[in-house]
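Each reported figure results from applying straightforward, stated rules to the coordinates on display, with no laboratory input. What you see is a predicted model, and the numbers here were worked out from it, not measured in a lab. For neighbour counting, all protein chains shown are included, and Cβ atoms are generated from backbone atoms with ideal geometry for every residue, glycine included.
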2 protein chains.
Amino acid sequence: MTTDRTMTIREMCEAFDVTPRTLRFYEAKELLHPRRDGQKRLFSKRDRARLKLILRGKRFGFSLEEIRQLLDLYHMDDSQETQLRKTYALAETHLAEMEAQRDELNEAIAELKDQMAWGARRLKELAPDRAAG
Amino acid sequence: MTTDRTMTIREMCEAFDVTPRTLRFYEAKELLHPRRDGQKRLFSKRDRARLKLILRGKRFGFSLEEIRQLLDLYHMDDSQETQLRKTYALAETHLAEMEAQRDELNEAIAELKDQMAWGARRLKELAPDRAAG
DNA sequence: CGTTACGTTTACGTTCACGTCATCTTTCCT
DNA sequence: AGGAAAGATGACGTGAACGTAAACGTAACG
């Protein structure tokens, strides 16, 4: 028995700190596909996994449309070989992008640290008693 | 003699692959402060460094307003100790954010690689002759 | 049996980050 | 002198990603 309780929209909002509008918007954009109990949306474990990926993608600066593509990558089910192959190729592209971004981020971090070291030295000169940091 | 030739707006656009509108917009938002020769904007080496940081920040998903704050970090000149100390504190915050983002990005990369490995196995099953990748 | 709480759809409003005219100067070239 | 090229300043338009308000359904609670 996998923990596959479905959640209401309200529960989702609290769990992920988003608004109902956002979840409905993502559904309209076909990033989420919650099932229905009559009118009401029911979010499964799968939906939660997808939302997690969506929010992460956003933090990395991807657009919702880019994220929509990416979501299928975590989704490579038993589809046709042609489709699977296409998806795999797309994944390679995105992987390269993410690795490039990571490298650039590391560079940025290093530069910022340099700047901070400079600032720390200046602060030390100005007030040798109470150090910086 | 440091290579400190000033550039026109057109030259900047070609060098950084942005439009004139973008540069004027950044100036309006006080992210850039090019000098003037009469009406015309003149972009110094310093402006180019700032623009590079701006574009990088955007790729990391920061808003222009956040970037505007960040820019001062690469800028800690001989200001008052109070100001310098404030800037340093802000830098620490941003550094932490960037490191968190890097860690998350590494995690995301690892997960994506996992998924791709799964896909590669499936592809191999489907067509043992021509491998994936 | 009313009302409170949670959910729905529809539709217009808003912010950010520019794009796209329209309309001037300034400058350089022939 | 005349005209193209580059740059400037408004001002309005646009796509993405939601916010917000209106109007409605329904299920439980006192």
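Per-residue Cβ neighbour counts within 10 Å put B:Leu84, A:Leu23, B:Leu90 in the sequence B:Leu90, B:Leu84, A:Leu23, beginning with the fewest. Positive-end ranking of A:Cys13, A:Leu55, A:Leu90 along the dipole of chain A, with charges on Cβ about the Cα centre, is headed by A:Cys13. Show that you can apply the helix-only estimate: for chain B, add -39,500 (n - 2.57) for every DSSP H stretch of four or more residues, divide by all residues, and state [θ] at 222 nm to the nearest 500. Taking each H run of at least 4 residues, the total per residue is -21500 deg cm²/dmol. A Gaussian network model of chain B, with springs between Cα atoms under 10 Å, assigns the largest mean-square fluctuation among B:Glu107, B:Glu66, B:Glu11 to B:Glu107.
Just rank B:Leu73, A:Leu55, fewest to most, by other beta-carbon atoms within 10 angstrom. Provide the component values of the computation, followed by the final result.
On the way: B:Leu73 20, A:Leu55 15.
Taking fewest neighbouring Cβ atoms as first place, the list is A:Leu55, B:Leu73.
Using unit Cβ charges (K, R positive; D, E negative) and no other charged atoms, how large, in debye to the nearest 20, is the dipole of the protein assembly as shown about its Cα centre? I would put it at about 780 debye. In sequence order, segment B:104-114 has phi-based couplings of 4, 5, 4, 4, 4, 4, 4, 5, 4, 4, 4 Hz under the Karplus curve 6.51 cos²θ - 1.76 cosθ + 1.60, θ = phi - 60°, and Gly or Pro positions carry x.
Here the dipole of segment A:23-103 is about 680 debye; that uses its Cα centre as origin and unit charges on the Cβ of Lys and Arg (positive) and Asp and Glu (negative). With the simple spin-label model, which puts each label point 7 Å out from Cα in the Cβ direction, the B:Glu27 to B:Arg5 separation comes to 2.0 nm.
Defining a contact as two alpha carbons under 8 Å apart and six or more residues distant in sequence, what relative contact order in percent does chain B show? Across chain B, relative contact order equals 15 percent. Length, then width, then depth: along the principal axes, the Cα atoms of segment A:52-120 run 58, 20, 15 Å. Against the compact-protein benchmark of 2.2 N^0.38 Å, the Cα-based radius of gyration of chain A scales to 1.55. Normalised by residue count, segment A:1-44 yields a Cα convex hull volume of 79 Å³ per residue.
Counting only residues at least eight positions apart within a chain, or on another chain, the aspartates and glutamates with an alpha carbon under 19 Å from that of A:Lys40 are A:Asp4, A:Glu11, A:Glu14, A:Glu27, A:Glu30.
Springs between Cα atoms under 10 Å define the GNM used for chain B, and in it the highest mean-square fluctuation of B:Ile54, B:Ile67, B:Ile109 occurs at B:Ile109.
Counting, for every residue in A:104-112, the Cβ atoms of other protein chains within 10 Å of its Cβ and taking the mean gives 5.
Evaluated at q = 0.13, 0.14, 0.17 Å⁻¹, the base-10 log of the normalised Debye intensity for the protein assembly as shown, with identical point scatterers placed on the Cα atoms, takes the values -1.02, -1.09, -1.29. In terms of distances greater than 19 angstrom between alpha carbons, the cross-link table entries A:Lys113/B:Lys29; A:Lys45/B:Lys113; B:Lys45/B:Lys86; A:Lys86/B:Lys124; A:Lys29/A:Lys52 yield A:Lys113/B:Lys29; A:Lys45/B:Lys113; B:Lys45/B:Lys86. Counting Cβ atoms of other protein chains within 10 Å of each residue's Cβ and taking the mean over peptide A:47-56 gives 1. Computed from backbone phi with θ = phi - 60° and the Karplus coefficients 6.51, -1.76 and 1.60, the 3J(HN,Hα) list for segment B:27-37 is 5, 4, 8, 6, 8, 10, 9, x, 6, 10, 10 Hz; x is used for glycine and proline. Nearest beta carbon of chain A to the A-to-B rotation axis, with distance in whole angstrom: A:Gly61, 2. Charging the Cβ of each Asp and Glu at -1 and of each Lys and Arg at +1, and nothing else, the dipole of segment B:1-46 about its Cα centre rounds to 160 debye. Just how far, in whole angstrom, is segment B:13-58 from segment A:1-56 if you go by their alpha carbon centroids? If we compute the Cα centre of each part, the gap is 42 Å.
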